[in-house]
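J.: Shown below is the structure under consideration.
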């Protein structure tokens, strides 16, 4: 999945485009919260063995764990992550992030302006300050890992 155009919007993946369309269909924030919760409930959780200090995302009020990976493909290394949280609404936010980033190349992940993309859902105005801070921490974790992978890739290519 690569960047696609939707009107004058530039979205990261088709899966994320679907979330935006669903949000536009839902009229109230109560319905949208329910949708986010449903995304969290439908998302497979992480096995307990992956819930370690090494996979914990710091800066979240809830417990959050990410397992991030880059899978080789013909178009480069494809980003994929799984996550989990002890808070169902946060699990829903993780599901949204997975739809924003999963399937992109390392280069695309590093160029994706997640805050701008998520602004299309107007989450910042409807999440508590703690949840917003946690979302920022999750995005920072993804960006740090992708930036490090991109730097490693460049270093290997220059060796």
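J.: Could you give every pair whose Cβ atoms fall below 7 Å, whose first residue belongs to segment 112-124 and is closer than 21 Å to residue 26 by Cα, and whose second residue is assigned to a loop (DSSP other than H, G, I, E, B) and modelled with pLDDT under 90, counting only separations of at least 6 or pairs across chains?
T.: Hits for this filter: 117/12.
J.: For segment 110-126, how many residues meet the condition of being in a helix (DSSP H, G or I) and either modelled with pLDDT of 95 or more or over 11 Å from the mean Cα position of the chain (by Cα) (or both)?
T.: Of segment 110-126, the ones in a helix (DSSP H, G or I) are 110-111, 114-119.
Now narrow it down to the ones that are either modelled with pLDDT of 95 or more or over 11 Å from the mean Cα position of the chain (by Cα) (or both): 110-111, 116, 119.
Within segment 110-126, residues that are in a helix (DSSP H, G or I) and either modelled with pLDDT of 95 or more or over 11 Å from the mean Cα position of the chain (by Cα) (or both) number 4.
J.: Could you identify the single residue in 51, 82 that is closer than 24 Å to residue 33 by Cα and either at pLDDT below 95 or in contact with a strand residue (DSSP E or B) (Cβ under 9 Å, 6 or more places away or on another chain) (or both)?
T.: Details: 51 fails: closer than 24 Å to residue 33 by Cα.
Within the list 51, 82, the selection yields 82.
J.: For segment 20-35, check the following and say yes or no: at least one residue is modelled with pLDDT under 95 and under 15 Å from the mean Cα position of the chain (by Cα).
T.: Yes - at least one qualifying residue is present in segment 20-35.
J.: Condition test on residue 64, is it surrounded by 20 or more Cβ atoms within 10 Å (Cβ to Cβ), under 23 Å from residue 147 (Cβ atoms) and within 14 Å of the chain's Cα centre (by Cα)? Lay out the reasoning, then the answer.
T.: Numbers: surrounded by 20 or more Cβ atoms within 10 Å (Cβ to Cβ): yes; under 23 Å from residue 147 (Cβ atoms): yes; within 14 Å of the chain's Cα centre (by Cα): yes.
It is true that residue 64 is surrounded by 20 or more Cβ atoms within 10 Å (Cβ to Cβ), under 23 Å from residue 147 (Cβ atoms) and within 14 Å of the chain's Cα centre (by Cα).
J.: Hey, another quick one. Quick check on residue 89: is it farther than 18 Å from residue 135 by Cβ and over 10 Å from the mean Cα position of the chain (by Cα)?
T.: On the way: farther than 18 Å from residue 135 by Cβ: no; over 10 Å from the mean Cα position of the chain (by Cα): yes.
No.
J.: Say whether the condition of being surrounded by 14 or more Cβ atoms within 10 Å (Cβ to Cβ) and part of a strand (DSSP E or B) is met by at least one residue in segment 137-155. Can you show your working first?
T.: We begin by selecting, within segment 137-155, every residue surrounded by 14 or more Cβ atoms within 10 Å (Cβ to Cβ); these are 137-143, 145-146, 149-150, 153.
Retained after the next criterion (residues that are part of a strand (DSSP E or B)): none.
So far as segment 137-155 goes, no, none of its residues is surrounded by 14 or more Cβ atoms within 10 Å (Cβ to Cβ) and part of a strand (DSSP E or B).
The values are calculated or read from the model by the stated rules, or taken from the named source; none is laboratory data. Since we're looking at a predicted model, the values are computed, not measured. As a convention, Cβ positions derive from the backbone with ideal geometry for all residues, glycine included, and neighbour counts pool all protein chains shown.
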